[in-house]
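One structure is given below, encoded as structure tokens.
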Amino acid sequence: MESLSVDNTLWTNTVVASGNAIGFVIYTGRDTRAVMNTNHPKTKIGLLDSEVNRLSKVQNRARDTNVRCLVNHSSIIAY
């Protein structure tokens, strides 16, 4: 009897070219790599892209706030 190792393991979607295979299936839950890879993420975006996107939103909000302040200030002076 051999112990279970990488040398005698058949991974998901393995095709046996010749001969027979006798074995058993071990289900270790939702944290297996195969199960985790079946879920499609909402978006595929890197951490850098996400951070740049967040910072550009902050910058745009600050610019819009400054423009509103200038417009309000100009209208007060015009009257």
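The values are calculated or read from the model by the stated rules, or taken from the named source; none is laboratory data. Please read these numbers as outputs of a predicted model, since none were measured by experiment. Neighbour counts run over all protein chains shown; Cβ positions are idealised from the backbone, glycine included.
Could you tell me whether the stretch 45-54 includes any residue that is surrounded by 10 or more Cβ atoms within 10 Å (Cβ to Cβ) and modelled with pLDDT under 80?
Yes, that holds for at least one residue.
Give all pairs with beta carbons closer than 8 Å in which a residue from the stretch 26-38 that is part of a helix (DSSP H, G or I) meets a residue that is of a type outside the set (Val, Ile, Thr) and surrounded by fewer than 10 Cβ atoms within 10 Å (Cβ to Cβ); count only pairs at least 6 apart in sequence or on separate chains.
Note: pairs meeting the criteria are Val35/Gly29; Met36/Arg30.
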